[in-house]
Each structure stands twice: as C-alpha cells, then as structure tokens.
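Please read the structure below before turning to the comments.
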Number of protein chains: 2
Amino acid sequence: MKADLHHIDTPAAVIDLPRALRNIRRMQDRMNSLGVAFRPHVKTSKCENVVRAQLEAGARGITVSTLKEADQFFAAGITDILYAVGMAAHRLPHALELRRRGCDLTIITDSVVSAREIADFGRAHDARFPVLIEVDTDGHRSGLHPDSDELVKVAAVLHEGGMQVKGVMTHAGSSYELNTPDALEALAEQERAGCVSAAERIRAAGIPCPVVSVGSTPTALSARDLHGVTEVRAGVYVFFDLVMHNVGVCAIDDIALSVLATVIGHQTEKGWAIVDAGWMAMSRDVGTSKQQHDYKYGQICDIHGQPMEGYLLVGANQEHGIVSRAGGGANDTGDIAARFPIGARLRILPNHACATGAQFEHYQALSADGALAAWPRFHGW
Amino acid sequence: MKADLHHIDTPAAVIDLPRALRNIRRMQDRMNSLGVAFRPHVKTSKCENVVRAQLEAGARGITVSTLKEADQFFAAGITDILYAVGMAAHRLPHALELRRRGCDLTIITDSVVSAREIADFGRAHDARFPVLIEVDTDGHRSGLHPDSDELVKVAAVLHEGGMQVKGVMTHAGSSYELNTPDALEALAEQERAGCVSAAERIRAAGIPCPVVSVGSTPTALSARDLHGVTEVRAGVYVFFDLVMHNVGVCAIDDIALSVLATVIGHQTEKGWAIVDAGWMAMSRDVGTSKQQHDYKYGQICDIHGQPMEGYLLVGANQEHGIVSRAGGGANDTGDIAARFPIGARLRILPNHACATGAQFEHYQALSADGALAAWPRFHGW
C-alpha cells in the first residue's frame, strides 16, 4: 500500500508536520523571549520523533505523566525527566531504579504523608531524590496552597529527611475553562505569583528552592512576564486542538493532528454520511460541548485538511462515526451522498489531541510534499 | 512485585473472573433456551483469554469491529469471523488475504455502491465473499430499511455478481437509550421482526438468505421469542458496566470490570481524594450522564469491589482522578483523608467497559482466591 493519504488504512492519526513544527517554534521562541527554560509535557504525543523535534528546538528536559513515559524516553537517551504526578510510595522502587541507571528523574509531592514516604524510602536506600513540591494556584486539582502551613512542613520533611527540595511546581489547568486574552493573562500571572510566593516561603524557612516550574498551554501562551519563574511546562501546544481553539490560543489552521477516515455509507434521508472513525479513533472526549462552539466529536475537513464549514462528526459508536451538518441535516439531505461519496477520505480535527492520539499505535507524519512516515507512539502504563 | 491487588502497579484493569464467567454463562444459557446460535462481539475485550471462555461456553464464531481483530483472533485459531462494519473497498485485499489463508470471514454492506465494489473485486480475484446485508431496524446508525427498494437491489447485485448473500444482520443500538423491561422487549421484537422481514423479502426475490443475525446486549437479554432469527450477537454483556446497569440489564454486582487505583493526595477542604486513575484509565466516556443515575467517571468501590455508597470519580484529568461524594463534598470534608488515606487502593466501576478496557495493554484477571493473571489485549487498527 502506498504511503499517502489516499492509500493508507483508516482510521489514521495524521500529524501535519509543518504545523507541528511551527507550533513547537512558536512556543520555544516565546519561552526564549520570556527568559525561561521550557520543559514540554510529552504525555500529549508519547512519541520519540515529536519529542526530538521539541528538544532540537531548544527544550530543556521533558515532563512525563507516567513512569512508563520516563522508561521509554530514558531508553531513547533523554535523561532530564520530571514525573509530574504525585509520587505513590509503591512506585518509589521504580523511580530509584531509573535514577540508579543514570536517569535524572525528579519526582513531586504535595503532602507530609507522601514526603515522609519519599524521605524514608530514600534514606533506607541511600538515595537523595530531587523533589518538587506541588503548589495549587487555581484550585482545580492537586497541590498545596502557597500560603498553607503544610507547604513549609513538606519542604522541611524532605530537607531534614535528606532529600533535595529542588523547587516548586504548579499547573493552572483551569485555564482550559477560559476564553478571553485578559482572563488568560490574569490566570498566567496568578499561576506565576502563587508559585513564586510558595518558593519564597520555603526559602524564608532556610531551605534552598531553586526551581519554580509553572505552566499549561493557555497560560504559557498568555503570560506577559515570568519574573521569578525558572521553567515552563506545556503539552498540547505541539498539536493544538478544538478545545484550545475555543480557549483562544490557536487558529483552526494551527491544529496539527487530525484523524483520516473513509466514508463507508449513508443515511441519505437523515443527511448522514457514515465514516470508519468512531469514538475508538476520536476518543470519547467531547471537551468542546461546554465551550462557546460545540464541535461534537470533531470538525470535518477534506483530505487536504481544509475545514468543510458546518460539517461535524455529530455522533460516534465504537468504529462508526456520523458526519452531518451541525444542528441536523434537514436542509442538506439531498446531496450528502454526492458530497461525501462512499470511499471518500476526510480528516477530522479532534477536540482533545492528548485523548485522540492515545487511541493510536502510531502517527502518520505528513510532510509538506505529501509523504507520510509512521511515527510510533506507546500506550498504557 | 507480588501479583495481587495490593501489589500490582496502578492503574490496572481488573476482571472479576467469577462475575465474567457468570455473565458468559447467563447469556449463553439464554441463547440456548431461545434456540439460536450466539456469536459474541469481541470488540469489548479484544482478549483471547476472554474469547476462549465465550467459545468454551458454547458460542459459535465471533464478531469483530476491525480487521485487526480478525487477524489476531484468526492467528489464535478462530476461523468463523463476522466483520460487522460496512466494508470499505480499500480493505477488500486484506479480507481476501484472510480468506485465502483459511479464515471463514464474512463481510457486510448496506449500499449498492459498496455491493458492486465487493462483487467487482471478488470476481476480479476469483473470490466469492460471503456477505450479510446490514438492515436498519431502529434508525440509530447504518443499514437499509427492511422495506426499502435498495435492500433487494443490494442482494441482487451481490447474487448476480457471484457473491454469496449469506443473510442479513442488524444491531438495535438504540437499546442503550432505554431503561424499562417493556421498552427493551418491544425493541427486541422490532429488531427481530425487521430483520426477519428483510430476509423474507430477499428470499421472495429468489435469492437464498439463510442467516438472520440480530443483537445488542440489552435486546439479547430482553427478547422473549426469536422466531426466524438464526444467531444473536452481543459484546458488552461479558463485563457489563454502569450504562448497562442504568439500562436495567445487570446488577451492580454483575459488573466484572473495574479500574484499580491508588490514592495519591487530597484536597481536604473540598472533600476530594486524588487517585492515579484519570481519563486515560477510565476513558472519557461519561455515558451515564444522560441516564437516570449519573455516575460521572465511575462508581468508587473498596479494594474488594464493594461499592462505597455515594462516592464517585467526579472529575478526571489525564492521570489524575478526583474522588468525592456525588453532589459535592461539603458534608464530608473532615474525613476524606481518613476514609481514603494516601496509598489506599480503590476499584472504580466504569461507565462503558469497551472504552475503559481499550485504554489498557492487559487485563488483570482476578480469581475467587485473589490470584491475578495478566491477560493481554490489543489496541489500534
């Protein structure tokens, strides 16, 4: 089978390479101009080829969401890795094994209980884990409030327990719920100020705290000033998606990931074309459903990636997707089979690139000249 | 690491084996008593161990949703395979290759265009594909209406083109939207009657049409009489899930799939415990959100699988889940850390077993004695 969009099997996860490289360049240039290091979150792609491009553009180290990601990227030669999910005690032997093999793995915690587990395990194994303390700057998930008593206690437990308090980190994930430049800029400043103030409280207690790590794609792209911050993390910017478009940090034609699908049937009286990309391909993510523009399961584009105005993936079963005009097909029943003939190929922009990518075993990286290359990605834990 | 629920890494997809075997037995007994063959849909598990148990219980052949499933199960020695997604022309060479290697692969179609492609390709390659014509008995997705002119035309195109019109098939997927025994029984009868009537119209045109294949888990478990039907297909019954519980076809303690998770933190003032199972583990499926009982991302159980009344996975990020009381934690803030201490292990019942299972590389099959066995499953296309 020829490796082009007309001949590969479907569904396929296509990376528009010029767009992805432009997205990588845009973020890195922005971080350079703000004077901070950039540590991309590789949970979005889980793909060595993509991460290489991020590092070649200037990223320093990576962020991972699982120790499997750490294993895989360390095996690929990347050593500076931040595991950015609160450390569970049962994973400490795995983290230790990675460090002993030469991986500069940093872990995180946000509680005295967990900090004690880390320190006890570290001392028992003669290991000094570098640890970032997770700070909650927007109330959306984990982390200690910058003003909390426990913040300094956690730092002390680690420090006195012989671990390295490497710094503090936060993720203003509530940025995904915003959609104006002013609100995003304000949240970016809240994220910065909260994390810097947490670091200062730890330093005031006499504990070194060199790293101040912040970030989410929307805040990274909206911050005006990152005084006191040493590094920024972001993940989905590499591909962007419809959720990010609704947030307002990318244009539709910045979205670098799409799902290639084939038309396999019609229900003409309903104005439906049926494609072979259902929720197994798109994921069940309907993250735009509560945003200003609901794209259902995705925006339909032609094979060249040109959006087909008003056509969405309005429904999805496991391996079937329903393409129709948004709001029903009553005005558009006659020509659905002519517009989307059986065998036609479409590309569907996803709501959430991290979730859609995870459904595939490899990406198809599409160069400007139309050539495709299979880029493996991994899966599971 | 010891292979028990206290020691394996998390998140993990746990199959309660006694429950799964009971579910398999229940469905097979029902089909036996209704006098029809049973062809399980293996898209739910994509796991040879599970499918072996279904075949050992009496299933005849399997249903697949991708040709990758056909490849994998044929490699495992299963030859009688129905590929139940409308045939795309570009996949015909793959289907032919499977048949030439000895796989008794049946394909489906629901249009004259596609029937012609199948017949033209088959004749060009001296192959006689067995084909089921897809019938639409509830308007939810693909298929031709039993009364449509095109139904008999498709049969004629195949028959005159030298293909084998093996029969008709339908899937009343709208059964997932029902929740009363009467409505389910009525839909099962509508599914049966529509599909039988389609077969009779094809036979009346002088074309043999031996197979009448129907099914979905809810209708299979609700049909009183399957006169004229030769086989039933169902998938999710093997595990069941919270959506099926809301539909009314299983009890909570029939649900055989759960996600094992570890508590990694708290936000005590919000009544939240944070676990290491987010949407990457549970999937983004929130299929109960429009049903009578919204379980958010899943029902929390203790490590033994006992539901913890009122506790749900109320939110999910990629690798973080938020456990809280349904409707907010205001009355329950004090004891969240005591009830869910750091390091505690929970099991979370999923909304949709097909989507949750797909996130994992293997299941952990849990026997009645607490022993675990890793059962591989596959992924992608």
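A short reminder: the numbers here are calculations on the coordinates, not readings from a lab. The model shown is predicted, which means the values in this text are computed figures rather than measured ones. Quick reminder, even Gly has a Cβ in these numbers, built from the backbone with ideal geometry, and neighbours come from all protein chains shown.
In nm to one decimal, list the spacings between the A:G228 label point and its equivalents in the other copies, with label points set 7 Å along Cα to Cβ, shortest first. Spacings between copies for this position, smallest first, are 7.5 nm.
For chain B, calculate the relative contact order in percent as a whole number, restricting contacts to Cα pairs under 8 Å that are 6 or more residues apart.
Numbers: 870 pairs, mean separation 73.9, N = 381.
Relative contact order, chain B: 19 percent.
For the protein assembly as shown, the antiparallel share of DSSP beta bridges with both residues in that region comes to about 50%.
In the assembly of identical copies, B:A251 has its label point, taken 7 Å from Cα in the direction of the beta carbon, separated from the corresponding points by 6.0 nm (ascending, one decimal). The calculated FRET efficiency for A:A338 paired with A:H6, based on their beta-carbon distance and R0 = 22 Å, is about 0.65.
For the protein assembly as shown, the spread of Cα positions along the three principal axes, ordered from largest to smallest, is 91, 59, 44 Å.
Could you compute how fast the range A:255-332 diffuses translationally, taking Rh as the Kirkwood radius over C-alpha pairs and applying Stokes-Einstein at 4 °C with viscosity 1.567 mPa s? Give it in µm² per second. Estimated diffusion coefficient is 103 µm²/s.
For the range A:119-167, what number results from the quotient of the Cα radius of gyration and 2.2 N^0.38 Å? If you can, show how the numbers build up before the last one.
Details: Rg = 11.9 Å, N = 49, 2.2 N^0.38 = 9.7 Å.
Relative to the rule-of-thumb radius for its length, the range A:119-167 sits at 1.23.
I'd like to know how the range B:159-289 sits against the 2.2 N^0.38 Å rule of thumb: what's its Cα Rg over that expected value?
Working: Rg = 20.8 Å, N = 131, 2.2 N^0.38 = 14.0 Å.
The value comes to 1.48.
Rg and Dmax of the range A:159-232, both derived from C-alpha coordinates alone, stand at 13.4, 45 Å.
The 3J(HN,Hα) values that the Karplus relation (6.51, -1.76, 1.60; θ = phi - 60°) gives for the range B:276-287 are, in residue order, 8, 10, x, 6, 5, 7, 7, 6, 8, 6, 10, x Hz. Gly and Pro appear as x. Across the identical copies, the label point of B:D294 (7 Å from Cα in the Cβ direction) is separated from its matches by 1.3 nm, in order from shortest. Projected onto its three principal axes, the C-alpha set of the range A:248-292 covers 37, 22, 20 Å, listed from the longest axis down. Short to long, the 10 Å bins of the Cα pair-distance histogram for the range A:24-167 hold 12, 38, 34, 15, 1 percent of all pairs.
State the three equivalent ellipsoid semi-axes of the range B:131-195, derived from the C-alpha gyration tensor as the square roots of 5 times its eigenvalues, in descending order and whole Å.
Numbers: eigenvalues 149, 18, 16 Å².
Semi-axes, largest first: 27, 10, 9 Å.
Rounded to the nearest 10 degrees, the inclination of helix A:149-160 to the longest alpha-carbon principal axis of chain A is 70 degrees. Rounded to the nearest whole Hz, the Karplus-based 3J(HN,Hα) values (6.51 cos²θ - 1.76 cosθ + 1.60, θ = phi - 60°) of the range A:163-176 follow the sequence 8, 9, 6, 6, x, 10, 9, 8, 9, 7, x, 5, 4, 5, with x at glycine and proline. Estimated from helices alone, the mean residue ellipticity of chain B at 222 nm is -9000 deg cm²/dmol (sum of -39500 (n - 2.57) over DSSP H runs with n ≥ 4, per residue). Comparing A:Q292, A:Q54, A:Q359 in a Gaussian network model of chain A, where Cα atoms under 10 Å apart are tied by springs, the biggest mean-square fluctuation is seen for A:Q292.
For the residue pairs A:K270/B:K68; B:K68/B:K166; A:K296/B:K296; A:K270/B:K290; A:K68/A:K153, the alpha carbons lie more than 27 Å apart in A:K270/B:K68; A:K68/A:K153.
If one computes P(r) from the Cα atoms of the range A:3-95, what percent of pairs lie at distances over 15 Å? Please list the in-between numbers first.
On the way: 2772 of 4278 pairs.
Pairs farther apart than 15 Å: 65 percent.
Measuring from each Cβ of chain B to the axis that turns chain B onto chain A, the shortest distance belongs to B:R284, 2 (residue, then whole Å).
Axis angle, to the nearest 10 degrees, between helix A:112-124 and the longest C-alpha principal axis of chain A: 70 degrees. Here the Karplus relation 6.51 cos²θ - 1.76 cosθ + 1.60, evaluated at θ = phi - 60°, turns the backbone of the range B:28-43 into coupling constants of 5, 4, 5, 5, 4, 6, 7, x, 10, 6, 10, 10, x, 8, 8, 4 Hz, with x for every Gly and Pro.
For chain A, the antiparallel share of DSSP beta bridges with both residues in that region comes to about 50%. Could you check how many percent of all C-alpha pairs in the range B:239-377 are farther apart than 21 Å? Cα-Cα pairs of the range B:239-377 separated by over 21 Å account for 37 percent. Computed from Cα positions, the angle between helix B:181-204 and the longest principal axis of chain B comes to roughly 20 degrees. From the alpha carbon centroid of the range A:271-325 to that of the range A:3-35 is 21 Å.
Count Lys and Arg as plus one, Asp and Glu as minus one, and take only other residues whose Cβ is under 11 Å from that of A:V263; the net charge is then +1. If you model chain B as an ellipsoid using its alpha carbon gyration tensor, with each semi-axis the square root of five times an eigenvalue, the axes come out at 42, 22, 17 Å, biggest first.
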